[in-house]
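Down below is the structure, laid out as C-alpha cells.
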Amino acid sequence: GSMNKVVNDLIQLPILHEPAILQALEQRYSEGWIYTFNGAILIAVNPFRKLSLYTDEILETYYNHGLLKSQGIESHDNLDPHVYTVADAAYRDMANRIAQNVAASQSILISGESGAGKTESTKIVMRYLTVVGAGTTDPFAENKNEPNSKEATVMDRVLQSNPILEAFGNARTVRNDNSSRFGKYIELDFSARGGMVGASVETYLLEKIRLPRHADGERNFHIFYQLHAANEASKNLEKQNDIILARDLIDKERLWQLEEDAARFYHYIKQGGIVELAHLDDGIEFSRLIKAFDTLGFEQRDASCALRLVAAL
C-alpha cells in the first residue's frame, strides 16, 4: 500500500531506515526524478547525463512559487524537489531577515563523494541566485545579449568565474571527467533591496601533486589540454571555425612554441593516456576561458602571460 507510493520527501516514509531510503531513491530515480527531499535537506542522485531541468522557464516557475510563498500565498501546484527550491529558500530567508533588520546571511552546503555532482549543483545554485539577484523588478526581462567586460553585469562576472576556476583547478579522474581538485567557498553579496552587488571566491586545498603526476586513465588539469586543442586547431583550418582563437593571445607562427600533438608528447600531460574527453570539448572550453578572462576584466597581457606560463610548464 503506502510503501509502494513514491514519496518526494523521505520524512513521509512510514519507516525511515536505510533500506526504505534506498528503495525510495531508486524508485524516484527510475521514474526520472533525481531530486528527493529529506526535510530541509535535498538529496541529488547524479544522472551522468544532461537533463532539461534547468531551463529559464523552470527557473521562473520556482522563482514565482517562492515569491508567492514569501507573501503568504500558498500555491496549489506543489513543485517537485529541485536545487532551485533550496536556493530560493535561502534567498527568501535572507530577504525576510533584511526586511526585519536582523542578521541575514545564509549558507548552502553542497557535499558528496567524488562524481556525486557537487560542481554542477554549485553552478545551478549560483545561476539561480545570480538571476534572482539581478536587481531588476523582473529578473527574467534581462537583456540576453552577450556581455563584454565594459558592460558585464555582476551576474555575468560571477558566473564567468567558473570557466577560469575549472580550467586551472579541475581534471579528469577515473570517476569523473570534470572533477574539482580543490575546495571552494563562494560568497555572494546582496544589497538591502535583494540585488546582488558582488561576490568573492576562496579556494583551498588544490591538489598540487597532480601537476607532475597523474594516474592511468586520468588527466592533468584541463588547461593543458585546452592549449593542446588550440595548438592543433591553429594548424587545422576547419577546426578554426569551432574555436574562437583569441588572436591577440596567440602567437600564430608557432603557438606557444608547443610541439605537434602536445598532449601525447609532454610527460606532464601524457601519463594517463587520455587526451580527449567524451563530454567536454577542450577547444570549446578554451574559447569559454578566453571569453571569461575578458568578462572579468583581465588585462590581455596578464591572460597571455598566464597561458605562456602553462605552456612553459
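Observations
- Taken one residue at a time, the phi angles of the range 24-31 give Karplus couplings (6.51, -1.76, 1.60, θ = phi - 60°) of 4, 5, 5, 4, 5, 4, 5, 9 Hz. Gly and Pro are set to x.
- Given the alternatives [x] 25; [y] 54; [z] 41, percent of Cα pairs over 31 Å apart as computed for this entry is given by [z].
- Lys pairs, the chain - Cα-Cα below 23 angstrom, 8 or more residues apart or on other chains: 20
- Across Leu188, Leu16, Leu68, mean-square fluctuation computed from a Gaussian network of the chain (C-alpha pairs under 10 Å connected) peaks at Leu16.
- Most mobile of Tyr128, Tyr84, Tyr268 in a GNM of the chain (Cα contacts under 10 Å): Tyr268
- Computed from the C-beta positions of Val6 and Glu207 and an R0 of 45 Å, the FRET efficiency is 0.70 to the nearest 0.05.
- Listed residues Lys69, Lys50, Lys208, most fluctuating in the chain (Gaussian network, C-alpha, under 10 Å): Lys50
- For the range 94-101, the Karplus equation 6.51 cos²θ - 1.76 cosθ + 1.60, evaluated at θ = phi - 60°, returns couplings of 4, 4, 5, 5, 4, 4, 8, 6 Hz by residue, with Gly and Pro reported as x.
- For Asp216 and Glu31, the FRET efficiency from 1/(1 + (r/R0)^6), where r spans their Cβ atoms and R0 equals 41 Å, is about 0.65.
- Remark: the chain carries 58 Å² of accessible area per residue (probe radius 1.4 Å; ligands, DNA and RNA excluded).
- The order of the peptides 58-66, 95-103 by mean Cβ neighbours within 10 Å, most packed first, is 58-66, 95-103.
- Gain upon complete extension [Arg308, Glu113; 0.36 nm per residue less C-alpha separation]: 66.8 nm
- Accessible surface of the chain, 1.4 Å probe: 52 percent of it comes from carbon and sulfur atoms.
- Modelled spin labels at Glu74 and Glu276, positioned 7 Å past Cα toward Cβ, are 5.5 nm from each other.
- Gyration tensor verdict on the range 53-111 (Cα atoms; rounded if a/c is under 1.5, prolate if a/b is larger than b/c, oblate otherwise): oblate
- Sorting 196-204, 70-78 by their mean Cβ neighbour count within 10 Å, with the most densely packed peptide first, gives 196-204, 70-78.
The values are calculated or read from the model by the stated rules, or taken from the named source; none is laboratory data. These numbers come from a predicted model, not from an experiment. Virtual Cβ from ideal backbone geometry, glycine too; neighbours counted across all protein chains shown. These area figures cover heavy atoms from the full protein model, side chains too; ligands, DNA and RNA do not enter into them. Shrake-Rupley method; radii C 1.70, N 1.55, O 1.52, S 1.80 Å.
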